[in-house]
Amino acid sequence: MKRVITSMLLILTFALTLVFVSAEEDGTGNLIIHYQNTTGDYSDVGLNSWNHDADGIGGVQNPESLKEITKTDDFGVYWELKDVTIEKDKSIGFQVVGFNNPNDSDPDWDNKKYTNHEISSDILVDGETVHVYMFYGSNTRTNEEATPEPIPYLYTNPLKHNLILTYFDQSNAYDDNLGLHNWGWTNISGANWGSPNKVLKNVGKDLTGTPIKGVVLEYDYKEGEENDYGVIVYAGGDNNKKTGDIKIDEIFAEVSPKGLGEADVIQVYNDGDGNTSNENVILNDAEKYILEAYSFNLVPMFNDEGEYKGTFAPNPNQVIAELNSSVMAPIKLDEDGKKVEITNEEKTTEIMKWFKVLDEDDNEVVIDDIHYDAGASSLRSFVLILGEDLDNTKEYTLKFDLGLEGEENKAAEILVDMDKEAPQIQFISPSSFANETDPDKRIIEVAWNKKFDQNLFPRFVVTDDRDGDITRMVYVPKGDYSILNTNVEGDYKIMLRVEDSWGNVTEETFIFRVTKKVK
Amino acid sequence: MKRIFSVLFVLMTALLLVACGDTIGKDGEIIDFSEQYGQKSIIRVWIDDEEGDYMKEIIKEFNKLYPDIEVEHQHKGSVDSREHLKTFGPSGNGADVFQFPHDHLSTAVLEDLVLPLPNETKDRLAERAHELGMDIATLYYDEETGSFDPNNENAVERLYAVPMSIEAVGLYYNKEYITTPAETYEELIAAAKVWNETEVDGRTNAQNGDYYLGTSSHWADSYFIQHIYSAFDFTPFGPELNDPKEVGFEKLDKALLWMRDELKPVTTGTGDTDSIGGGGKFEEGKIPYVIAGPWNMEAYKGAGIDFGIAKLPSINGKETKPYAGAMMAAVYKYSKNQADAIKFVEFLNSDIAMELQYEYKTKLPALKTELLTDNVREDKELMAMSEQLENAVPMPTIPEVQYFWGPGEAMVKEIWNADKDIKTALREAEESYKTLAGLVS
């Protein structure tokens, strides 16, 4: 009897062990771990990973040892962990770390722990590939860091199409009500207008600690059919939209989305409130996004379908300054560090300190006033009203400096673009005028003692380097050169004058010769 | 000798007279070219017209009347205009005329961007513009305190913009299913019950989600369901839609009871307010009716739907009245060319400007019906909307309206989706509005 019982116990133990082991191991899956920083430079990047059995990756690995393994794509860099055994309740340790030299045995643990995670094995799917997206500054291992809360990685559903949406406000003036107006997605509920869906979480940060927000949106894409999925980033109203409609069918009108499981990445940066142009919405192009979202500069002047934008002087006593990313509007704190009301005058005084206009000899041009959107919490467009006129034969530099300490400060400078060219009057008729540069030789004979034939008035075209075709703006100034008397023979000089929006003036003259020779 | 000299003198004088008489003509003219080629003024207008074709024609016609006003058009979305004016307007780098939808008017006035139009302009427009358009563009406003309270004795009634086009939602029907559209909700609901239970390939239409009547938005969208509220004598902010202290949610009990007990069963069954994509279903040709707006027409035409637009049906014998919305053009308050800008916005109300707007934008001109041109009158869809507008109510334009939509939507969803007690939901909506609008201490 004893033997029977012992045997039965042994068999039972063995059976339970088998069950336990097979329950703990649930097949194998693949992980592709993507990483993006805010500089686009990954030359110092290495890894420290543990608790997985993927080939080729494990432990501390410096950039040199990873050079055949680290791959790049339109998001940043990535590493493939293949055939990872899925073990319940286990997590895979994964840190992206920086090395001061590519061959160093250890990273700079104190200063360059770029991401710090324990990836839950729950996200792994047997036989499938899950993509994980990590941003600089993300950290879920709070046992190590004194971070206030975890900043998670994002991961995709291998059985769906995935879209990662991120939003970054360089001024760190995130609205409390920021969220999405969204429709159609399979993993989040629809949101009605006026009630933003608060699904944007902190998923990373920039070098100053400003959060980057993000979310994964899942959908079922059907080639050749309507895919009614869309999203707007906003804080509850038309006037605080950060984007226009971002619709799947529109963004993938020319290219197809990536396959199941891999994410297309749409990255948005704050380009001002009420902005629906979607010029700040960038698909699958980290290089472009990093340049536009994270580096700080004054936008050079450019022509956008006939409208000048960027930084330039529209006329001699104004300079329009356009930053490529927003800065926080001035705030006022009391002794306890609490925000108190700030008047527009106080704001203006602070903002005026940010700007200097310097001539070639470094002399400051007086700034009398500055215009900006006084109601906005973050700013990027300003109009400087100068106390003296700029001389467009000289050069001036506009300098911007927030005046903060360290990494938090933002500074930039740019040569002020001025209109240095006067308009050009080009005569079309009579044909003799076309190439005639001596105004005294531009002569049109007019019949004496007859009514003036209006067809004799010369035709011309006026072009300006900034204002374009300003032919209609030509006028004849009243006075000595505006009168013709066909009753009296003689030469009558007539002046044409035109002025561009800067104030550059061009004058041309010609002569009506009243003569009896013309019948 | 004396005689010879006299004769010579007379001869020379005669010769002199003849010579002089030949040098000065009598049939010529003196021209001052500065009058003909005078200096022009320039106004900049921000109008939503990306290709610029519409504005090119508008400017051409405007210059026939005002050849000395140069109009510079820049395409600017109607939402962007206000934001840009705040920064660039005061320095003269903004626009003299800008465009925006009706619900931006009060905010634009509060932001000190809009010039009240002169009484002469108001009088001229009153003779031509659609009454609803004029209502929407007119505000009682106290410039000193920034108050829109009509009870404020310092508030002055002024016209702040020129309505360019007007619109309202309507009952769109698929002519493949409907020959004569329903005139009452009772009739529609009765037909819906039959349709919804009709089987197609072994499943009922309801089971397939193809409910008889859909909405191109969702059933908690206060803009779309205002027509239902109106049949129960409700308008937000009082009968004049302008009293921020009278949002009036608590008066909606009967309307919401009707929506829950009569409308919900035949439109979403047990589903939520947004559980059925009515717009998509109508566009696919699967359902007979949808409540939609003129902005949906292009999609329906593109999908090949042979549709008509009918007046929204009555409820319990009472007319239903949707909101009327408008796109409007205003003069920037600190424009340096106010007089010329006023001429331009007035011109936008002219016959030719309205005809061009119809031709290029297919929008219903904000004109009195009798002034609509033959082209517009022959447009069945727009004329159906025009007929609907005869009993529409102007959208509220006071700034507090921005706090109405959220609580209004939440209120319907609580009742429709979560079966909340109606009175409780109404009270909560009222409280929520007051909190958002800063009407509680």
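A short reminder: the numbers here are calculations on the coordinates, not readings from a lab. Computed from a prediction, not measured in an experiment: that's the story for all the values here. Note: ideal-geometry Cβ built from the backbone for every residue, glycine included; neighbour counts use all protein chains shown.
At-a-glance table
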quantity: Dipole in debye (nearest 20) - the stretch B:271-320, about Cα centre, beta carbon charges: Lys, Arg +1; Asp, Glu -1; calculated: 180
quantity: Alpha-carbon centroid distance for the pair the stretch A:77-138 / the stretch A:207-252, whole angstrom; calculated: 27
quantity: Peptide-level mean, for B:37-44, of C-beta atoms on other protein chains within 10 Å; calculated: 4
quantity: Per-residue mean of C-beta atoms belonging to partner chains within 10 Å, peptide A:476-487; calculated: 5
quantity: DSSP H segments from chain A that extend 18 Å or more along their own axis, Cα-based, with Kyte-Doolittle mean of 0.0 or above; calculated: A:2-24
quantity: Per-pair calculated FRET efficiency, R0 = 22 Å: residue A:100 and residue A:69 via Cβ, rounded to 0.05; calculated: 0.60
quantity: Helical mean residue ellipticity (222 nm; -39500 (n - 2.57) per DSSP H run of 4+; nearest 500) of chain A; calculated: -2500 deg cm²/dmol
quantity: Estimated FRET transfer efficiency when R0 is 25 angstrom, pair residue B:119-residue B:359 (beta carbons, to 0.05); calculated: 0.20
quantity: Contour minus Cα-Cα distance for residue B:199 and residue B:153 (0.36 nm per residue); calculated: 10.3 nm
quantity: Net charge contributed by nearby residues that have their C-beta within less than 9 Å of residue A:99 (K/R +1, D/E -1); calculated: -4
quantity: Distance in nm between pseudo-label sites at residue B:368 and residue A:455 (7 Å out along the Cβ direction from Cα); calculated: 4.7
quantity: Debye equation applied to the C-alpha atoms of the stretch A:321-478, log10 I(q)/I(0) at 0.11, 0.17 Å⁻¹; calculated: -0.67, -1.07
quantity: All Cα pairs of the stretch B:295-409, percent lying beyond 16 Å; calculated: 72
quantity: Cβ-based exposure ranking for B:149, B:53, A:361, in which fewest neighbours within 10 Å come first; calculated: A:361, B:53, B:149
quantity: Cβ-placed point charges (K, R +1; D, E -1), dipole of the protein assembly as shown about Cα centre in debye, nearest 20; calculated: 2160
quantity: Using a Förster distance of 51 Å, the FRET efficiency for residue B:352-residue B:436 (Cβ separation, nearest 0.05); calculated: 0.70
quantity: Spin-label model distance (nm) - residue B:375 vs residue B:23, 7 Å beyond Cα toward Cβ; calculated: 6.0
quantity: Relative contact order for the stretch B:100-177, counting Cα pairs under 8 Å that sit 6 or more residues apart, in percent; calculated: 30
quantity: Kirkwood-type radius of the stretch A:225-314, with distances r between different C-alpha atoms, in Å; calculated: 15.1
quantity: Inter-chain Cβ neighbour average for residues B:87-99, partner chain, 10 Å; calculated: 4
quantity: With at most 16 neighbouring Cβ atoms within 10 Å, loop GluC sites (Glu not before Pro) (DSSP) excluded, longest segment of chain B; calculated: B:52-142
quantity: Solution diffusion estimate, µm²/s, Stokes-Einstein, the stretch B:38-83, Kirkwood Rh from C-alpha pairs, 37 °C, viscosity 0.692 mPa s; calculated: 290
quantity: Value at 222 nm in deg cm²/dmol, rounded to 500, when DSSP H runs of n ≥ 4 in chain B each add -39,500 (n - 2.57); calculated: -12000 deg cm²/dmol
quantity: Per principal axis, descending, Cα span of chain A in whole Å; calculated: 147, 61, 50
quantity: Candidates B:260, B:203, B:44, ranked by Gaussian network fluctuation over chain B, Cα under 10 Å, top entry; calculated: B:203
quantity: Distance violations [Cα-Cα > 23 Å] among A:493/A:516; A:112/A:242; B:40/B:343; A:450/B:40; calculated: A:112/A:242; A:450/B:40
quantity: Positive-end extreme of charge dipole, the protein assembly as shown - chosen from B:300, B:204, B:255 (charges on Cβ); calculated: B:300
quantity: Rg/Rh for the stretch B:166-271, where both radii come from Cα atoms and Rh is the Kirkwood radius; calculated: 1.03
quantity: Normalised contact order of the stretch B:122-215, rounded percent, pairs of Cα under 8 Å and 6 or more residues apart; calculated: 17
quantity: Most mobile listed residue (B:23, B:267, B:107) in chain B, GNM with C-alpha springs under 10 Å; calculated: B:23
quantity: Global size of the stretch B:228-330 as Cα Rg and Dmax, reported in angstrom; calculated: 16.4, 47
quantity: Listed residue (A:423, B:235, A:140) projecting farthest to the positive dipole end of the protein assembly as shown, Cβ model; calculated: A:423
quantity: Positive-end residue of B:101, B:223, B:316, charge dipole of chain B with Cβ unit charges; calculated: B:101
quantity: Cα centroid of the stretch B:308-348 to Cα centroid of the stretch B:159-199, whole Å; calculated: 23
quantity: Between the stretch B:66-119 and the stretch A:342-418, the alpha-carbon center distance in angstrom; calculated: 25
quantity: Equivalent ellipsoid, chain B (semi-axes from 5 times Cα gyration tensor eigenvalues, Å); calculated: 61, 27, 17
quantity: The stretch A:171-256: trypsin sites (Lys or Arg not before Pro) in DSSP loop, at most 16 other beta carbons within 10 Å; calculated: A:198, A:222
quantity: Simple Cβ-charge dipole of the stretch B:148-219, Lys/Arg +1 and Asp/Glu -1, about Cα centre, in debye nearest 20; calculated: 160
quantity: 10 Å beta-carbon shell around residue B:220, net charge (K/R +1, D/E -1); calculated: -4
quantity: Cβ crowding within 10 Å averaged over residues, with A:262-274, A:340-352 ranked highest first; calculated: A:262-274, A:340-352
quantity: Alpha-carbon Rg/Rh ratio, for the protein assembly as shown, with Rh computed the Kirkwood way; calculated: 1.08
quantity: Distance-filtered residues of the stretch A:27-54 - backbone nitrogen under 18 Å, label point 7 angstrom along residue A:88 Cα→Cβ; calculated: A:27-29
quantity: Chain A: relative contact order as a whole-number percent, Cα under 8 Å and 6+ apart; calculated: 9
